[in-house]
Each structure stands twice: as C-alpha cells, then as structure tokens.
Amino acid sequence: MSDSWIQRLRQRLSARLAAPQRVFVTPGGEEFGAWCRAHPGTAVELVVSACALHELVCEPGLPLADLDAVQAYAQQQFVHYFGAAAQRFAIAPWQAGGARGASALHGLELASLLSQAEAAGVRLAAVRPAWAVWLASLPAATRAGSGRVVWHEGAVAVVVQLERGQVSGLQVRRVNTLADLDGPAQAAPLAVGSPADVGAPQPGPATPQPDFLPRGARSPLAWPLAATGALVLATAAWGAVQSHQLRDVAQAARDRVAAVRPTLAPTSAPTSAPTSAPARSTRTAPTENRAAAEARGLLAMPWEPVFTRVETTGAEARSIAWLGLEANAARGELRLEGLTPDKLLALQLAEQLGTTPGWRQVVLSRFSAAETGLVGQRFEIQARVATGGGS
C-alpha cells in the first residue's frame with residue numbers, strides 16, 4: 001500500500017467528517033480552484049453569486065407534483081428563453097410553502113466544480129444560490145412578515161416577495177443602486193443583504209433550499225464507507241508496525257552473528273559483542289506492541305452497528321453535522337464531535353444514543369460556540385461501546 005494512496009484515503013476520510021466551509025464564487029469560478037488546492041481534505045459549501053444564475057418562479061396551480069417535475073418544467077422554460085445552451089444548465093428546483101421555482105447555473109460549470117474538488121480531495125457538500133443561503137439566515141421575525149427582502153450584488157438585485165412568511169414571488173432586476181427598485185408606492189424592504197451578510201441558518205418559516213448537486217447524492221452508506229476507510233488505514237498502520245518489528249528481529253539476528261564471529265578470529269581481535277542494536281529493539285518493542293494491540297482492537301470493534309446508529313440518530317435529530325470521531329479500542333470509548341443549530345438537538349441525540357444496546361455512559365461532555373467559518377454550535381458526546389471482546 002503506497003504512501004500516496006494512504007494519504008489520498010486519509011484526505012477523503014477527513015473531508016467526509018469535516019464541517020463544510022463556505023466559499024463565495026462568481027461567474028467563471030476561478031477562485032474555487034485556488035481554494036481547493038489550499039484546503040485539501042476539507043468540505044465546502046459553495047455560495048453562488050446571483051450574477052451566475054437565472055431564476056424562475058412557477059405559476060400557481062401548475063400540476064407539478066414534486067421537485068423532479070419542477071426541474072423538468074424549469075428546464076423547458078429555460079430552453080425556451082435562452083435557447084439550446086440552456087440544455088447544459090444545472091438546475092436546482094425548490095419549493096417552500098405553496099411556492100415553487102428553480103435556479104439555473106449559467107456562469108459556472110457544475111462538472112468543472114466537481115472535478116476541481118475531486119482532484120484536491122475536497123468534499124463538495126452543497127452548491128446553493130447566495131440569495132437562498134442569505135434568506136435562510138434572516139431572523140424568524142423578518143421571514144415571518146410580509147413585504148420584500150432584497151439580495152443586492154453589484155448591478156444585480158434578487159427581490160423576494162414574502163406573504164406572511166411564505167415566498168410568493170422572486171424576481172431578478174438589473175439596477176444601478178437600490179433606489180432603482182423603489183417606485184413612488186413601494187415600501188422599504190424588510191431586509192437588504194449582500195455577500196458580507198451570509199450567516200448561519202436560523203429557525204423560522206421554511207425558505208427555498210435549492211442545491212445544484214444531484215438530489216440523493218449523499219449515500220446512506222457514508223458513515224459505513226468512512227468506517228471501512230478507517231479500518232483500511234488501521235490495517236496499513238498495523239502492517240507497518242509488524243514490518244518494523246520484523247526488521248528489528250532481523251537486525252538483532254545479524255548483530256548476534258556479528259558477535260559470534262570474533263570468537264573464531266585471532267586472539268588479538270576484540271571479542272565483545274555490540275549491544276546497541278538489541279538494546280534499541282528492546283526499548284521500542286513495548287511501544288510497538290501497544291500500537292499493534294490498538295490496531296487489532298480497532299479492527300475488532302463493531303464498526304457497522306456503531307456507524308449505523310450514529311448515522312440514523314443524526315438523521316432523526318435533523319441539522320446535525322458530524323465533525324469527527326475518535327475511538328480507544330482498549331477502553332471501548334468513543335468521542336463524537338458535531339455541529340448543531342440548537343443545543344436541545346444535541347441533548348436529544350445523546351439521550352437516543354444512550355438507549356442503544358451496547359452503549360453506556362453516554363454524556364454530552366462539551367458544548368461551545370463554533371469557530372469562525374463553521375455554522376452552528378459545536379458539541380461533543382462521549383460514550384462507552386461494547387467491543388468484540390465484550391469490554
């Protein structure tokens with residue numbers, strides 16, 4: 001197993017467990033490639049400039065049963081207005097309340113974004129319109145009202161009409177200043193946003209959540225696959241330890257042969273045997289034995305039920321983003337780290353894990369504000385899990 005292969009696998013596992021960072025991208029997306037190269041083994045949520053989008057709001061009453069139907073309808077409309085080039089647009093349908101619509105990605109190539117992320121070992125978690133990310137971050141009191149909210153970006157403004165917390169209209173306008181939006185009878189907008197105002201999602205009325213990544217792109221086997229990768233790394237580490245031990249044994253044998261040879265030489269030759277190499281082997285063997293035992297313990301842990309339970313419980317709790325997992329096989333201990341928008345969700349998650357057979361001493365051991373660039377609040381859960389040996 002080559003070092004480069006192990007490094008790539010380690011980056012993929014790190015990206016799977018990392019909380020997505022937000023990156024604002026403009027038409028062309030040149031900034032994204034540089035960001036990927038500087039952040040291997042991470043995860044990212046792309047916030048797409050309104051200058052790289054076309055928008056559509058479906059007329060009320062159309063027989064569009066689900067997001068697939070909305071996407072098909074939107075594709076037809078975009079082709080009608082923008083010609084054959086629109087057939088290549090990535091479409092992100094959405095529905096919120098009684099409103100339905102779609103965003104089209106025309107200033108960026110989704111395949112290129114995915115390729116750049118793949119090459120750098122970066123997990124592309126979402127690709128969302130900037131106005132939708134900003135709208136979800138507005139306070140609940142603002143989103144529950146009636147009136148306009150305006151995403152303003154250079155010469156482009158996205159005007160979202162709210163009616164008692166429901167999106168009733170969305171329009172893209174070309175403007176020189178925000179004053180161009182206001183006619184004599186227009187009331188001031190409820191809120192105005194720009195790229196600097198994108199924040200964490202807030203509780204409140206549902207908002208459109210368009211995402212250009214294919215729906216269902218996240219596999220339900222994500223955690224088990226991550227566990228498999230972790231086992232591969234553990235196996236590789238164990239193999240490396242064993243290889244090192246074998247090398248020490250061979251070196252000790254060579255040293256013993258070298259110690260015997262002087263007894264067959266003339267009496268003037270030195271007869272003392274070197275002791276430094278065997279001493280080194282004696283010093284390092286206990287450490288290596290412990291490392292090998294830990295690797296064997298990690299391989300013996302019941303990873304499939306552990307990750308299945310964590311994944312299922314996190315999905316039930318909603319809005320939980322996992323950051324990482326650490327395991328101590330000798331003590332049967334697990335430490336989970338994640339992000340949540342609500343402390344109550346983390347408490348409920350710990351309680352649900354505590355009811356799992358084989359799990360005990362499950363506690364929410366730490367809760368703190370997330371670091372800059374992360375969305376939500378960081379929490380830590382510690383637990384003891386029955387291992388293959390029954391500990």
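One table, with the values for the structure above:
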item	result
Sum of side-chain charges, Pro129 neighbourhood, beta-carbon under 10 Å (Lys, Arg +1; Asp, Glu -1)	-1
Rg over Rh, two decimals, segment 70-224 (C-alpha only, Kirkwood Rh)	0.99
Quotient of C-alpha Rg and 2.2 N^0.38 Å, computed over segment 61-110	1.14
Accessible area in the full protein assembly, largest first, 1.4 Å probe, for Cys51, Cys58	Cys51, Cys58
Segment 1-159 - Rg and Dmax from Cα coordinates, angstrom	18.0, 61
Calculated from backbone phi, Karplus (6.51, -1.76, 1.60) coupling profile of segment 96-111 in Hz, x at Gly/Pro	8, x, x, 9, 9, x, 7, 10, 10, 8, 10, x, 9, 9, 4, 4
Spherically averaged projected area in nm², based on the convex hull that wraps the Cα atoms of segment 85-126	3.8 nm²
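The values are calculated or read from the model by the stated rules, or taken from the named source; none is laboratory data. Worth saying up front: this structure is predicted, and the values here are computed from it rather than measured. As a convention, Cβ positions derive from the backbone with ideal geometry for all residues, glycine included, and neighbour counts pool all protein chains shown. The area values use the complete protein model at the heavy-atom level, side chains included, leaving out ligands, DNA and RNA. Shrake-Rupley method; radii C 1.70, N 1.55, O 1.52, S 1.80 Å.
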